[in-house]
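Peer 1: Okay, here's the structure, questions in a sec.
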Amino acid sequence: MQELEKLKQELKKLNAEATKIREVAVEKRAKFGRKLNAQKQEILARITEAEKRALDVEVLPLDVTAWSGVNEPMPELYTTLQGSKHPLMMELDRVTEIYQLMGFEVEESRQLDDEFHMFDSLNFAKDHPARDGYDTFRTEEGLIPPAHTSTMQHRVLKKYKKCLDEGGQIAVVVPGRVYRNEDVDATHEHTFYQCEGVYVSKECNMGQMLGILKEFFEKYYGQKLNIRTQPGYFPFTEPSLEFMIEKPKSLGGKKGDFLEMLGCGMIHPNVLRMAGIDPSEYHGFAWGGGIDRLVMLRYGLSDVRHFESGNLNFLREFGQ
């Protein structure tokens, strides 16, 4: 044991010596590094031998593929089944890839957030019913599992504000998991996924927003689509719209059949001000829609509860 401790002390000193490489002349660093690495490998080998002697047992190589024991054959059940990517993750990858090809950055949402990012930064009134515990989950510490990916809007605006200062624009999408206090049934779930979009520039307008969304859904479904909007209400956009697409032929749609896909609108001036952006100089638009809905429509699923059920028979249908 004394030999082992001595070797470990030598290794510790050698690691400390390695931190001094910045002090060595540039032309000598390679030689210095090779010398230290050779010494380190020698000490590590001696440590391994010392540990074997200390244990006084035969050390067998570890087969990480073994089912149990050493090289014991794995049951046929576990050699024939393979895992696959969850259908929601498959579609999330498709969604973000389309937006990236359109020039958008991707930021991931959070699993827990706070009152400020959930409500205050998004122009929610102090007495808004969404702040009530009956509508929004809260932890004992007062944190909030986000009810929408819009909780990331303030962070995105502040992080990418420098793009505006440099004469560019903010173009970001935010995929993430969200939570709602819902009565669960075939079309409602307490946990699901959304994708948020945020765009800000000096000259952007609602026409650009509708063009981006139309382009996205046409790429996603692989066909030309008609779109339609109707008035909506969200505290963080003004005006606000509900965005619909003509039901794609791949989903059995006929001319005149429309599906509501997401909410959208021009970013409220108060939201821009909260992030330090002058709404008299810059304009923005944002949108948010569910990923689960896209998957259900694409594959003709009738029950949203399948996604969180852990039902292997269901998941294997999407195996890649």
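The values are calculated or read from the model by the stated rules, or taken from the named source; none is laboratory data. Small disclaimer: the values here were computed from a predicted structure and weren't measured. Glycine gets a Cβ as well: all are built from the backbone with ideal geometry, and neighbour counts include every protein chain shown.
Peer 1: Would you tally the residues in the stretch 233-248 being touching a helix residue (DSSP H, G or I) at 6+ places or on another chain (Cβ under 7 Å) and under 20 Å from R293 (Cα atoms)?
Peer 2: Final tally of qualifying residues: 3.
Peer 1: On to the next question. Could you run through the stretch 265-283 and say how many residues are within 24 Å of E215 (Cα to Cα) and without any contact (Cβ under 8 Å) to a residue 60 or more places away in the chain?
Peer 2: 1
Peer 1: Can you pull out the residues in the stretch 157-209 that are over 14 Å from Y282 (Cβ atoms) and among the hydrophobic types (A, V, I, L, M, F, W, C)?
Peer 2: V172, V173, V174, V178, V184, A186, F192, C195, M206, M209
Peer 1: A further question follows. When you scan the stretch 110-147, how many residues do you find that are out of contact with any Phe, Trp or Tyr (no Cβ under 8 Å at 6 or more places or on another chain), modelled with pLDDT under 85 and surrounded by 13 or more Cβ atoms within 10 Å (Cβ to Cβ)?
Peer 2: Number satisfying all stated conditions: 3.
Peer 1: Filter the stretch 203-212 down to the residues that are under 21 Å from G168 (Cβ atoms) and either in a helix (DSSP H, G or I) or outside the structural domain of F285 (by TED's automatic domain parsing) (or both) and list them by number.
Peer 2: Correct list: M206, G207, Q208, M209, G211, I212.
Peer 1: Follow-up question, since we're still on this one. Regarding G167, is this residue in the same structural domain as G103 (by TED's automatic domain parsing) and either of a type in the set (A, V, I, L, M) or assigned to a loop (DSSP other than H, G, I, E, B) (or both)?
Peer 2: Spelling it out, G167 is indeed in the same structural domain as G103 (by TED's automatic domain parsing) and either of a type in the set (A, V, I, L, M) or assigned to a loop (DSSP other than H, G, I, E, B) (or both).
Peer 1: Residues L14, L60, L44, L36: which one is assigned to a loop (DSSP other than H, G, I, E, B) and either at pLDDT 80 or above or among the aliphatic types (A, V, I, L, M) (or both)?
Peer 2: L60
Peer 1: Name the single residue, out of those in the stretch 284-305 being under 21 Å from the mean Cα position of the chain (by Cα) and free of Cβ contacts under 8 Å to residues at least 60 places away in the same chain, that is farthest from K249 (Cα to Cα).
Peer 2: Step by step, filter the stretch 284-305, then rank; the result is R293.
Peer 1: Say whether the condition of being of a type in the set (V, I, T) and closer than 26 Å to P87 by Cα is met by at least one residue in the stretch 239-255.
Peer 2: yes
Peer 1: So, one more: Considering only the stretch 216-230, state which residues are part of a strand (DSSP E or B) and either of a type in the set (S, T, Y) or in contact with a Pro (Cβ under 7 Å, 6 or more places away or on another chain) (or both).
Peer 2: T229
Peer 1: State which residue is nearest to L143 (Cα to Cα) when the search covers only the stretch 89-104 and only residues that are surrounded by fewer than 17 Cβ atoms within 10 Å (Cβ to Cβ) and of a type in the set (D, E, K, R).
Peer 2: Top of the filtered list is D93.
Peer 1: Considering only the stretch 193-219, how many residues are crowded, with 19+ Cβ neighbours inside 10 Å and farther than 19 Å from Q153 by Cβ?
Peer 2: Total meeting the criteria: 1.
Peer 1: Six or more apart or on different chains, Cβ under 9 Å: which pairs go from a residue in the stretch 85-102 that's assigned to a helix (DSSP H, G or I) to one that's polar (S, T, N, Q)? Could you list them?
Peer 2: Qualifying pairs under 9 Å: M90/S84; M90/Q320.
Peer 1: Scanning the stretch 244-271 for residues that are surrounded by 15 or more Cβ atoms within 10 Å (Cβ to Cβ) and assigned to a loop (DSSP other than H, G, I, E, B), which turns out nearest to the chain's Cα centre (by Cα)?
Peer 2: The residue in question is H268.
Peer 1: If you don't mind, another one. Inspect all residues belonging to the stretch 272-283 and state whether any of them is under 27 Å from the mean Cα position of the chain (by Cα), surrounded by fewer than 17 Cβ atoms within 10 Å (Cβ to Cβ) and either of a type in the set (F, W, Y) or under 21 Å from K161 (Cα atoms) (or both).
Peer 2: yes
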